[in-house]
Amino acid sequence: MRRTRAASFLKKAVGMSLAAALLSCGPDAYVAPSPAPVTPATASKPLATYTDWPSITSAIPKDPVMESRIAQIVAGMTLAQKVGQMTQAEIQSITPAEVTQYFIGSVLNGGGSWPGNNKRAAVTDWVARADAFYDASLATNMAVKIPIIWGTDAVHGHNNVYGATVFPHNIGLGAAHDAELVRRIGIATARAVRATGIDWAFAPTLAVVRDDRWGRSYEGFSEDPAIVNEYAGQIVTGFQGTFSSEANLLVTAKHFMGDGGTDKGDDQGVTTCSLSDMINIHGQGYYSALAAGAQTVMASFSSWSNPSQGINAGKMHGSQYMLTEVLKGKLGFDGFVVSDWNGIAQVPGCTNSSCPQAINAGIDMVMVPTDWKAFITNTLAQVQSGQIPLSRIDDAVTRILRVKMRAGLFSGRKPSQRLDAGNAAALQARPLAREAVQKSLVLLKNNGNVLPLARGKKILVVGKSADSMPNQTGGWTLTWQGTGNSNADFPNGDTILAGIREAAGAANVTYSSNGRGVQVANFDAVIAVVGETPYAEGNGDIGPTQTLEHSSRYAEDLSVLKGVTGKGKPVITVFLSGRPLYVNNLLNRSDAFVAAWLPGTEGKGVSDVLFRDASGNIHKDFTGKLSFSWPKAACQTPVNVGDANYAPLFPLGYGLSYAHPATVPQLAETSVSGGCG
Ligand code: GLC
């Protein structure tokens, strides 16, 4: 179970080689051409731009009958019942009896928190826990009982749950340029979450990622607001539909607003953009998400300040301007705002258990994982003292009830009685995930057209990530950081190596993680699967003392490639990462190079594209196109489409294919010591 940020935030020690290895092996001004993309470089429709915050009409209109019923319920609630309804506790820190006693409105399971603290809890264990909380919420002495709602981070499938299909992280979906695919993934994920008796997903992340040093870059679809805008509405529609069926699941548009725009990609840092950029870059995902009917919004840990332009919204969790004037006023949002994990404590003058400023600013439900008792005590006192107007409390509770009613929680059916509850098969959507992997892959280099590979050839596989489900799935998988897992924790998935063995024929494949002790000459081709190891949130930040150079953190990958390159056999590198990185020294030692992002549990989606079919024809061509610009230097960040003098190594929308080849020359290899500042 996660969490103290400071304690767990150990930046990777950077053993930078002091001597800058300046191998000017080729033009350092190389910028790949954008070969005629198979799919549009960005979204398929032009993006509307605004001079002020737009008013959004939700797909879910107000229901007058519902509204009057809500008003009656609120009028009959005590202050303690109202404040309890606004409180969200973590499942390990509250019992069903306490849910009843304190009139708790919501629970969540954080990353790495499972029923009974059992990573391999079965769906039936999840459903039993959900029933227990549900029954407890209906056992209060309230005049009208209000069902509890359980939220979970289902951000790439139902990723907390043992046996569930884990989809590619959003950065890979962005490269797929397929909004309809993303809608289908929303549907499949909703079904998986329902199987565990849970009502609410803290997804999608709508960050427009501007600096790839951010540890959460992979949670974003793109640096391009047009792609985020196009996807947001689709994934919300996929998850939620119009709540016409129990298959529909409540979603969360997060993290509002500007989480992907912080200076230097500092997680929970300060976004300094202009008002126009906040409206027209960071807001774009929310406009389509809210239009599609998103009912909850999660506040961002980040701040928005630009004193030179008179902007001082400060911490989003305490910004009345952003949470109330903009989101609820100008955008017209009538759902509820949930705070992030102890996010209220980051508001000046606040703590985990006390923040009238955040509630007055517009936070409706407070994610207070462990200190929820003190929070309730303090908030009651703050209402009684007038620090928090009762009208604000009533508005928050009204919003919460509105969302619960719209989402069907008042149906009278407990979690175990709902659609797919306890159905382990509903956790899986393997063909869909495999399709997503295929479409997410971006071919950056294929000199000599060494790909696709014929079947039946002798293949040497090297690299630490060829046989690693944890490295394929990344953060937010079973555990918060995606660490502490092994292949055995993924019974319903395949590694990339398994896919290679199936395509080439197991007898033709030899695997050596470090590439030592094998003779490359004995093989027809080498496939190297390398890249980043799992991280989440700030733990993944590339801080000021580091650079985008992958080899500065993962020397083993360059070492493996040095061992197999230049031996007269083609080297195909499959690079697993949560973001674009400076990898010229790996590109130069690869004949082909595939950006595979964090593909999830369906590793065979990779070999589906690398290999020809049994008849020798192309089985699947590459269709993925970069949704993040790829840097040409260790400190070329931020680099985003639309920049003045935009000159990345591979631009947004770049992606080769078998149908559209191109040759990549040798590239400059220039390390930078001491970080990018
Ligand atoms: C985290 C994340 C947020 C997540 C929440 C609950 O700190 O910022 O995305 O939904 O906590 O796990």
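Along the charge dipole of the chain, pointing to its positive end and built from +1/-1 on Cβ of Lys, Arg, Asp and Glu, which listed residue (Gly578, Ala226, His282) has its Cα farthest out? With unit charges placed on the Cβ atoms, the residue in question is Gly578. Using a cut-off of 10 Å between beta-carbons, work out the net charge of the residues near Asp266 (Lys and Arg +1, Asp and Glu -1, Asp266 not included). My count for the surroundings of Asp266 gives -2. Sum -39500 (n - 2.57) across every DSSP H segment of at least 4 residues in the chain, then divide by the residue count to get the 222 nm mean residue ellipticity, nearest 500. Taken over the chain, the calculation gives -7500 deg cm²/dmol. Eight or more residues apart or on different chains, and alpha-carbon atoms under 18 Å: count the Lys pairs in the range 430-657 matching that. For the range 430-657, qualifying lysine pairs total 16. Alpha-carbon geometry of the range 561-677: the Rg and the Dmax are 15.7, 53 Å, given in that order. Taking amide H positions as modeled 1.01 Å from N, with prolines and chain starts lacking one, the residues under 5 Å from Val270 and 5 or more places away or on another chain are Asp263, Ser303. Fully extending the segment from Asp613 to Glu180, taken as 0.36 nm per residue of separation minus the present Cα-Cα distance, adds 153.2 nm. Relative to the dominant Cα principal axis of the chain, helix 430-440 is inclined by about 60°. Evaluate the Debye formula for the range 619-677 with equal point scatterers sitting on the alpha carbons, no solvent, and hand back log10 of I(q)/I(0) at q = 0.20 Å⁻¹, in q order, two decimals. Here log10 of I(q) over I(0) equals -0.88.
If the label point is 7 Å along Cα→Cβ of Ala139, which residues in the range 89-105 have backbone nitrogen under 15 Å from it? Answer for this model: 94-104. Spin-label model, Thr78 to Gln387: label points 7 Å out along the Cα-to-beta-carbon direction sit 2.2 nm apart. Listed from fewest to most Cβ neighbours within 10 Å, the set Met405, Met257, Met469 follows the order Met405, Met469, Met257. Rounded to the nearest 20, the size of the Cβ-charge dipole of the chain about its Cα centre is 920 debye, with Lys and Arg at +1 and Asp and Glu at -1.
From least to most packed, judged by other beta carbons within 10 angstrom and beginning with the fewest, Phe628, Phe167, Phe575 follow the order Phe575, Phe628, Phe167. When the alpha carbon gyration tensor of the range 550-612 is reduced to an equivalent ellipsoid, its three semi-axes come out at 20, 17, 9 angstrom, largest first.
Here's the picture: charge each Lys and Arg Cβ at +1 and each Asp and Glu Cβ at -1 in the range 430-657, and of Val442, Pro544, Ser629 the one pushed furthest to the positive end of that dipole is Val442.
Sorting 372-382, 470-480, 60-70, 261-271 by their mean Cβ neighbour count within 10 Å, with the most densely packed peptide first, gives 470-480, 261-271, 372-382, 60-70.
Note on Asn492 and Leu275: their simple-model spin labels are 5.0 nm apart, each label 7 Å out from Cα toward Cβ. Full extension of the chain segment joining Ala644 with Ser68 gains 202.0 nm, where the gain is 0.36 nm per residue of separation less the Cα-Cα distance.
If you wrap the tightest convex hull around every Cα atom of the range 375-523 and split its volume per residue, you get 240 Å³. P(r) tail for the range 430-657: Cα pairs beyond 32 Å make up 14% of the total. Taking Cβ atoms as reference points and 15 Å as the exclusive limit, the residues near Asn522 contribute a net charge of +4, counting Lys and Arg as +1 and Asp and Glu as -1.
Using only the alpha-carbon atoms of the range 324-411 as identical scatterers, what base-10 log of I(q)/I(0) does the Debye formula give at q = 0.12, 0.17, 0.20, 0.25 Å⁻¹? At q = 0.12, 0.17, 0.20, 0.25 Å⁻¹ the computed log10 ratios are -0.37, -0.73, -0.98, -1.31. For the pair Ser305 and Asn514, label points projected 7 Å from Cα toward Cβ lie 4.8 nm apart.
Here the peptides 287-296, 658-667 are ranked by packing, the mean other Cβ count within 10 Å, and the order with the highest first is 287-296, 658-667. For Ala454, the residues 5 or more places off, or on other chains, whose built amide H falls under 5 Å of its own are Arg612. For the peptides 532-540, 139-147, 594-602, the ranking by mean Cβ contacts within 10 Å, running from highest to lowest, is 594-602, 532-540, 139-147. Here the chain yields Rg over Rh of 0.98, to two decimals, using C-alpha coordinates and the Kirkwood radius. Please report the spacing between the Cα centers of the range 493-507 and the range 546-565 in Å, no decimals. Value for the Cα centre distance between the two parts: 25 Å. Counting beta carbons within 10 Å around each of Ser590, Ser113, Ser615 and listing the fewest first gives the order Ser615, Ser113, Ser590.
Taking R0 as 45 Å, what's the FRET efficiency between Ala659 and Lys330 from their Cβ-Cβ distance, rounded to 0.05? After rounding, the FRET efficiency stands at 0.50. Phi-derived couplings, Karplus 6.51 cos²θ - 1.76 cosθ + 1.60 at θ = phi - 60°, listed residue by residue for the range 327-339: 5, 7, x, 5, 6, x, 6, 10, x, 10, 9, 10, 7 Hz, with x used for Gly and Pro.
Rounded to the nearest 10 degrees, the inclination of helix 555-564 to the longest alpha-carbon principal axis of the chain is 30 degrees. Taking Cα atoms, how many degrees apart are the long axis of helix 225-240 and the longest axis of the chain, rounded to 10 and kept between 0 and 90? So the inclination is approximately 60 degrees. Summarising the amide proton neighbourhood of Thr152: residues at separation of 5 or more, or on other chains, whose placed amide H is nearer than 5 Å comprise Trp200, Ala201, Phe202.
According to the calculation over all Cα-Cα pairs in the range 88-423, the P(r) per 10 Å bin from zero is 6, 27, 36, 24, 6, 0 %.
Put the Cα centre of the range 46-62 next to the Cα centre of the range 159-223 and the gap is 23 Å.
Rounded to the nearest 0.05, the FRET efficiency derived from the C-beta distance between Glu556 and Ala425 at R0 = 35 Å is 0.35.
Where a number appears in this text, it was derived from the coordinates with a stated rule and is not lab data. A quick note: this is a predicted structure, and the numbers were derived from the prediction, not measured. Every residue, glycine as well, gets a Cβ built from its backbone with ideal geometry; the counts of neighbours run over all protein chains shown.
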